Amino acid sequence: MKIKFNRCVRTASSESYILFLESENVGSLDLHFSDCVYGTVVFTKIFNSSEQKKIFEQIENEIVDSVVPREDFIFNVYQSEDIGMYADTISEEDRAYEPAKVKDFEDISKLVKSAIGKKRNIQGKLTEHIAVDFFNSLGYNAVRAGSYYDHMKIDVIAESENELILVQVKSGSISIKKIEEAVKSISEFNHSKEKTVAFLASEFPVRSEQLRKELSSRYGMSIQFYHSYQVLKSLPEYKNSF
């Protein structure tokens, strides 16, 4: 048994494939590349454990190892059924022959939301690990924050002998409201060391520098903004992770 992989989508950090066994569509594969490789496999044909193992070895040997050096390959596997597809390029005339059912769209919507939610969660955790490496490279002792800091939305804690940096990490953009809320919350947190609030994100508000000065003056704390390009300059191995 040998699976044929037909690539249908490719971006800078991800790929999607349709799986064929001879001429039969038997599943799909989505891959996301960073220092590790994260994947989702959905089988629409039932394979036994031995057959699945062979497919996973094929994915690893023919796709993953040929695309990017990596430390690990982690993926979720699902057994499902093909309920069809949706595309906004299908004409109304075509729709007339096969009208969409409400349940079809509800099922597809659930699958999409689940996939997006898992991707965001994985991306968020990965970005936190990158932030830890970044602050360690600056000479701090950095770790991911524990549940004690959840109410302040603090993701990483970086310490030096005299300074405590509380870091909020965003894999995408961060809003003015989120910055203000975090600074206010951290200002009320008592600690023996000098406190600094830091934000690491791919995009900041247009008036972020003015906001930083205003909040620093209002709360009497140092506030730092780090863009993803600064992290990548220091840690280029994470170029596909933001």
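Ignoring ligands, DNA and RNA, how do Val37, Val77 rank by accessible area with a 1.4 Å probe, largest first?
On the way: Val37 0, Val77 65 Å².
Sorted descending by solvent-accessible area, the residues read Val77, Val37.
As a quick test, which of the pairs Lys193/Lys239; Lys54/Lys233; Lys193/Lys213; Lys178/Lys239 have an alpha carbon distance above 29 angstrom in this structure? Walk me through the intermediate numbers first.
Numbers: Lys193/Lys239 33 Å; Lys54/Lys233 40 Å; Lys193/Lys213 21 Å; Lys178/Lys239 26 Å.
Lys193/Lys239; Lys54/Lys233, as the Cα separations exceed 29 Å there.
On a full-extension model of 0.36 nm per residue, what is the gain between Ser222 and Thr44, subtracting their alpha-carbon distance, rounded to one decimal in nm?
58.7 nm
Phe189 to Gln52: extension gain in nm, 0.36 nm per residue of separation minus the Cα-Cα distance?
Numbers: separation 137, 0.36 × 137 = 49.32 nm, distance 5.14 nm.
Contour length minus Cα-Cα distance gives 44.2 nm.
Would you kindly derive the ³J(HN,Hα) couplings of region 130-145 from the backbone phi angles with the Karplus curve 6.51 cos²θ - 1.76 cosθ + 1.60 (θ = phi - 60°), listing them in order in whole Hz, with x for Gly and Pro?
Working through the residues one at a time gives 5, 4, 4, 4, 5, 6, 5, 5, 8, x, 8, 9, 10, 9, 5, 6 Hz.
Take every Cα pair under 8 Å in region 167-242 that's 6+ residues apart, average their separations, divide by the length, and report that relative contact order as a whole percent. All intermediate terms of the calculation are to be shown ahead of the outcome.
Details: 83 pairs, mean separation 27.1, N = 76.
36 percent.
Search the structure for amide H atoms under 5 Å from the amide H of Ser14, placed 1.01 Å from N in the peptide plane, and list their residues when 5 or more places away or on another chain.
Correct list: Phe33.
Considering only protein heavy atoms, what per residue accessible area in square angstrom results for region 1-47 with a 1.4 angstrom probe? Kindly include the intermediate steps, with their values, before the conclusion.
Working: 2390 Å² over 47 residues.
Heavy-atom accessible area per residue stands at 51 Å².
The values are calculated or read from the model by the stated rules, or taken from the named source; none is laboratory data. This one's a predicted model, so the numbers in the text were calculated from it and none came from an experiment. Only protein heavy atoms, including side chains, enter the accessible area calculation; ligands, DNA and RNA are left aside. Shrake-Rupley method; radii C 1.70, N 1.55, O 1.52, S 1.80 Å.
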